[in-house]
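Student: Input: one structure, supplied below.
The values are calculated or read from the model by the stated rules, or taken from the named source; none is laboratory data. These figures come from a predicted structure and were not determined experimentally. Cβ placement follows ideal geometry from the backbone for every residue including glycine, while neighbour counts extend to all protein chains displayed.
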Amino acid sequence: MVLFKRLSVPLCVFLQVAYLGKVTISGTQFLSGCTESAVVGLVEQHGQQQCNSLLEIRPFQVRLHHLDGHGEASVTMDTYQVARIAYCTADHSVRPNVFAWIYREINDDLTFQMDCHAVQCESKLEAKKLAHSMMEAFRKTFHSMRSDGRIHKSGSSDDFAEDSSSPEDSTPDDG
C-alpha cells in the first residue's frame, strides 16, 4: 500500500518585515510593474530599515503588527481584508526583497482610494513566499465567498474551467 502525503500551504504565515509605508496611487487596472514607482518612492524615503513589524497573512485577513522598539511586542495592528486587495507582487527591480500590495481603502464618505503598501523582507525568497501565501489567501477567501453565494461567476478564465456550458446553451434574461 502506498500512501501519499499532500503538501499544503500553512493557513497562517507570519514573517518579520520592515514596513516601508503606503502611497496613494491612481488607476483601477493593475498590471505587472504597476507598484514599481510607489516602491521606488518608499525605498528612497525610508532606505534600508530593520525589521519593525510582523506581517501575518491568513485567509480573509492580512494583519500588520507594528512592534515596539525592541521588536518584541505588538504596539498597534493594521488589518486588511483580503477581498479588498487588488494586486500584490514581489517583483521589484529597485529592491527584489520588497513585497507590495494595492489595497482599496474606503473613506468615511464612502469614496475609495487605492493605496500601495510595501514591506521589506530579509531576502528575495521571503518576499516571494509572501506573494505565494497571498495567492493562497486569495484562493481560499474567494472560494469561500463563492460557496457562500457572496460572489458569482464573472466569466473569468478560471470560471470556464468549472463551467462547461457555452454561451449558445443559455437563453437571454427577459428582465
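Student: Determine the pairs where a residue that is surrounded by fewer than 13 Cβ atoms within 10 Å (Cβ to Cβ), located within the stretch 62-81, has a partner that is among the polar types (S, T, N, Q) with Cβ atoms under 6 Å apart, the partner being 6 or more residues away or on another chain.
Tutor: Thr79/Gln61
Student: Right, something else. In the stretch 40-59, how many are free of Cβ contacts under 8 Å to residues at least 40 places away in the same chain, among the polar types (S, T, N, Q) and surrounded by fewer than 16 Cβ atoms within 10 Å (Cβ to Cβ)?
Tutor: Total satisfying the criteria: 2.
Student: Among the residues of the stretch 71-121, what is the count of those that are touching a Cys at 6+ places or on another chain (Cβ under 7 Å), modelled with pLDDT under 90 and hydroxyl-bearing (Ser, Thr, Tyr)?
Tutor: Counting residues in the stretch 71-121 that are touching a Cys at 6+ places or on another chain (Cβ under 7 Å), modelled with pLDDT under 90 and hydroxyl-bearing (Ser, Thr, Tyr) gives 0.
Student: In the stretch 106-124, which residue that is more than 21 Å from Tyr19 (Cα to Cα) and of a type in the set (Asp, Glu) is nearest to the chain's Cα centre (by Cα)?
Tutor: That would be Asp108.
Student: Counting only residues that are buried (at least 18 other Cβ atoms within 10 Å of the Cβ) and farther than 20 Å from Gln61 by Cβ, how many does the stretch 90-113 have? Full working, then the answer.
Tutor: Taking the stretch 90-113 as the starting set, the residues that turn out to be buried (at least 18 other Cβ atoms within 10 Å of the Cβ) are 90, 92, 97-103.
The next check asks that each one be farther than 20 Å from Gln61 by Cβ; those that pass are 92, 97-98.
The total comes to 3.
Student: Looking only at strands (runs of 3 or more DSSP E) that fall completely inside the stretch 8-127, which ones have 3 or more residues that are touching a helix residue (DSSP H, G or I) at 6+ places or on another chain (Cβ under 9 Å)?
Tutor: 13-25, 53-58, 85-89, 98-106, 112-120
Student: Now a separate question. If you take the residues in the stretch 10-31 that are at pLDDT 80 or above and more than 20 Å from His66 (Cα to Cα), which one is surrounded by the fewest Cβ atoms within 10 Å (Cβ to Cβ)?
Tutor: Ser26
Student: Any idea how many residues of the stretch 114-130 are surrounded by fewer than 17 Cβ atoms within 10 Å (Cβ to Cβ) and either among the aliphatic types (A, V, I, L, M) or in contact with a Pro (Cβ under 6 Å, 6 or more places away or on another chain) (or both)?
Tutor: Residues that pass the stated criteria total 2.
Student: Name the pairs: first residue in the stretch 83-95 and basic (Lys, Arg), second residue surrounded by fewer than 17 Cβ atoms within 10 Å (Cβ to Cβ) and not in a loop (DSSP other than H, G, I, E, B), Cβ to Cβ under 6 Å, at least 6 apart or on different chains?
Tutor: Pairs found: Arg84/Arg104.
Student: Among the residues of the stretch 32-47, which ones are modelled with pLDDT of 85 or more and on the phi > 0 side of the Ramachandran plot?
Tutor: Filtering the stretch 32-47 for residues modelled with pLDDT of 85 or more gives 35-45.
None; the set is empty.
Student: Is there a residue in the stretch 149-158 that is modelled with pLDDT under 75, over 17 Å from the mean Cα position of the chain (by Cα) and farther than 24 Å from Phe30 by Cα? First the steps, then the outcome.
Tutor: Applying the first criterion (modelled with pLDDT under 75) to the stretch 149-158 yields 149-158.
Subset that is over 17 Å from the mean Cα position of the chain (by Cα): 149-158.
Okay, now just the ones that are also farther than 24 Å from Phe30 by Cα, so 149.
Yes, there is a match, as at least one residue in the stretch 149-158 is modelled with pLDDT under 75, over 17 Å from the mean Cα position of the chain (by Cα) and farther than 24 Å from Phe30 by Cα.
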